[in-house]
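Asks: One structure is given below, represented as structure tokens, and several questions about it will come after.
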Amino acid sequence: MMLRRGFIVFLPRLIGLLVVACCSVSIVYMLACTPKGDNQQLALPRVHSPTAKEGYEAILQEREEQQRNYIISLKKQITQLKAELQSRSEQLKNMQDPYPDPLDIRLDHSNPEKAQASLLAFLRSQIDKAEVHSGVKLSTEYAAVPFESFTLQKVYQLEMGLTRHPEEKPVRKDKRDELIEVIELGVGSLNHPEGDGNAKHRVYTTSDFVEGIYRTEKDKGTLYELTFKGDTKHQFKKIVLFRPFGPVMKVKNENVDMADTIINVIVPLAKRASKFRQFMQNFREMGIQQDGRVHLTVVYFGKEQMNEVKSILENTSKSANFKNFTFIQLNEEFSRGKGLDVGARVWKGNNVVLFFCDVDIYFTAEFLNSCRLNTQPGKKVFYPVLFSQYNPSIIYGHHDSIPSLEQQLIIKKETGFWRDFGFGMTCQYRSDFINIGGFDLDIKGWGGEDVHLYRKYLHSNLIVIRTPVRGLFHLWHEKRCLDELTPEQYKMCMQSKAMNEASHGQLGMLVFRQEIETHLQRQKLSSKKT
């Protein structure tokens, strides 16, 4: 490492010297080619001398030969300098990146020893590339990769979303197993130090672990720094471990044809005709006009506003020449789970992708393709994390007017949040939904049924794709939590309501509005006095 740093420091000086040498050679060449002054001219034959002509020709020929030789010498020097510069550049490149690019690594399975050596060399190079032994210059404070800390019981984390906590027990099995493994490796390293032979020393256990910090560089690996109790109160043992990421390996290369893949969009509904009109505008533009491979199933509870909803549906059907819809009416109390379950089971065609949707959702044609690409019968189900819109009257309260709906759909922390506590919008094949057992129909009203279905999929062998998507939005609407809900449902409803209004900063401005107005009034008074 020291040799590399010294060479890197010396290289710019070397390049500078080579440039100066080239410039010097060029100057010498120019001086040599410049005609000499009168005082320095060679003695020439007199003009009227009988040998004047022959003398001039001899001198010119001699001077021409000298210039030709000098130019050849300069060209040789320039060629040597270029070769030296290229050689030095190659040396620097090899020292900076002595290992092959991960995409260039091809493990030769016919030669296991060579394959193992190549992989080991790559993994060791990951340590050199990562920020382990020395720091890396960063452009801004936001480019730094922060550490997270942990003890035997808790993890203290920065990236929380809306469902994680700043301090919590690691719930995910992979994270829990990861931290347990590195602590045990640290203990093993302390109990079996290298080069210690059979020397006696104390036996360390996990109870000697004080704390650790770790961070992950996505393209290199995870660095762990573990602190253990030492031999005395003020002494500690520190172990540094690094889990390098291996080279990228191709798993699959396939063509996916979604031309004939139909999505059945199922919407449970009770009243809310005005919201349904807005939903159908979105469905017509994105589902019918742009995508064209959709079926709409509306499951309506009760009779109030039913005729208005049917009229909106029929008008869309006539104006857009759209016949792929089903309207189901149930004379019972609204139950989201029941409506989605009925809508899924009433389908009589071939296996189809089901998109469970709500009337206050806005989706794009790109999302419908994501829905298709992330589902596979018997293999994968899709649980997108949608972007939930804040109350527009708060976001745009200082504007002259609230922008149009399309202009409001911007993914920023001031306009909304990733709804990572919601599991209601989901895509799966009908066969998987039926095989998993569908919804729990004992759950009535709002909330709970989606989490129950989500847990069923998690407990199965299906792959659950959970990711934020840019083309799925929850439109803000005032939320009312009814007294008929169970205590757990009511709590969930109120938590959702609190999250929907505005960001922390915007809510803070509302809370401190009086103080802000008082400050502004004082500023006006002081400006008038001056």
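The values are calculated or read from the model by the stated rules, or taken from the named source; none is laboratory data. All of these numbers come straight from a predicted model, not from anything done at the bench. No Cβ is skipped: glycine too gets one built from the backbone with ideal geometry, and neighbour counts run over all protein chains shown. Quick note on the areas: whole protein, heavy atoms, side chains included, nothing else; ligands and nucleic acids left out. Shrake-Rupley method; radii C 1.70, N 1.55, O 1.52, S 1.80 Å.
Asks: Give me the accessible area of Leu520, 1.4 Å probe, in Å² rounded to the nearest 10.
Replies: Looks like 90 Å² after rounding.
Asks: Another question, if that's okay. Can you tell me how segment 263-508 classifies by the Cα gyration tensor, rounded, prolate or oblate, using a/c under 1.5 as the rounded cut?
Replies: rounded
Asks: Assuming R0 = 41 Å, what is the FRET efficiency of His452 and Gln523, from their Cβ-Cβ distance, to the nearest 0.05?
Replies: The formula returns an efficiency of 0.15 here.
Asks: Here's another thing I want to ask about it. Within 14 Å, Cβ to Cβ, of Val469, how many net charges do the neighbouring residues add up to if Lys/Arg are +1 and Asp/Glu are -1?
Replies: Net charge in that neighbourhood comes out at +2.
Asks: I've got another one for you. If the cut-off is 23 Å between C-alpha atoms, which lysines fall inside it for Lys412, apart from same-chain ones fewer than 8 positions away?
Replies: In chain and number order, the partners are Lys479, Lys497.
Asks: Label Glu314 and Glu217 with points 7 Å out from Cα along Cα→Cβ: what is the distance between them in nm?
Replies: Taking the two extended label points, one gets 6.7 nm.
Asks: How far apart, in nm, are the 7 Å Cα→Cβ label points at Gln86 and Ile328?
Replies: About 7.4 nm separates the two model spin labels.
Asks: Relative to the present Cα-Cα distance, how much length would full extension add between Lys75 and Lys479 at 0.36 nm per residue of separation?
Replies: 137.2 nm
Asks: Return the lysines within reach of Lys82: Cα separation strictly under 24 angstrom, same-chain partners fewer than 8 residues apart disregarded; answer none if there are no such residues.
Replies: Lys93
Asks: Exceeding 19 Å between C-alpha atoms, which entries from my cross-link table qualify? They are Lys275/Lys303; Lys338/Lys456; Lys175/Lys456; Lys200/Lys237; Lys169/Lys491.
Replies: Lys175/Lys456; Lys169/Lys491
Asks: Which FRET efficiency value, to the nearest 0.05, do you get for Glu254 and Phe512 by plugging their Cβ-Cβ distance into 1/(1 + (r/R0)^6) with R0 = 51 Å?
Replies: 0.35
Asks: Which order do Ile213, Ile402, Ile312 take when ranked by solvent-accessible area (1.4 Å probe, heavy atoms of all protein chains), largest first?
Replies: Greatest to least solvent exposure: Ile402, Ile213, Ile312.
Asks: Here is a follow-up. Taking H placed 1.01 Å from N in the peptide plane, check which residues at least 5 places from Val210 or on another chain put their amide H under 5 Å from its amide H.
Replies: The list, which skips near neighbours in sequence, is Thr227, Phe228, Lys229.
Asks: I've got another one for you. Which of the GluC sites (Glu not before Pro) found in segment 202-286 are in a DSSP loop and have at most 13 neighbouring Cβ atoms, other than their own, within 10 Å?
Replies: Hits after loop and neighbour filter: Glu254.
Asks: On to the next question. Quote to one decimal, in nm, the extra length available between Leu441 and Gln495 on full extension: 0.36 nm per residue of separation minus the C-alpha distance between them.
Replies: The Leu441-Gln495 span can extend by a further 17.1 nm.
Asks: Considering only DSSP states other than H, G, I, E and B, which trypsin sites (Lys or Arg not before Pro) in segment 181-250 qualify as loop sites with at most 14 other Cβ atoms within 10 Å?
Replies: Those satisfying the criteria are Lys200, Arg202, Lys218, Lys233, Lys250.
Asks: Right, something else. Can you tell which of Gly349, Phe382, Thr316 lies farthest toward the positive end of the dipole of segment 263-508, using +1 and -1 charges on the Cβ of basic and acidic side chains (Lys, Arg; Asp, Glu)?
Replies: The residue sitting most towards the positive pole is Gly349.
Asks: At a probe size of 1.4 Å, how large is the accessible area of Glu64, to the nearest 10 Å²?
Replies: Glu64 exposes around 110 Å² with every protein chain in place.
Asks: Highest mean first, what order results for 523-529, 479-485 on Cβ atoms within 10 Å?
Replies: 479-485, 523-529
Asks: Please compute the net charge surrounding Val353, taking Lys and Arg as +1 and Asp and Glu as -1 over other residues with Cβ under 9 Å from its Cβ.
Replies: Summing Lys/Arg as +1 and Asp/Glu as -1 gives +2.
Asks: How about Lys524: which aspartates and glutamates have a C-alpha closer than 17 Å to its C-alpha, ignoring those fewer than 8 places off in the same chain?
Replies: Glu515
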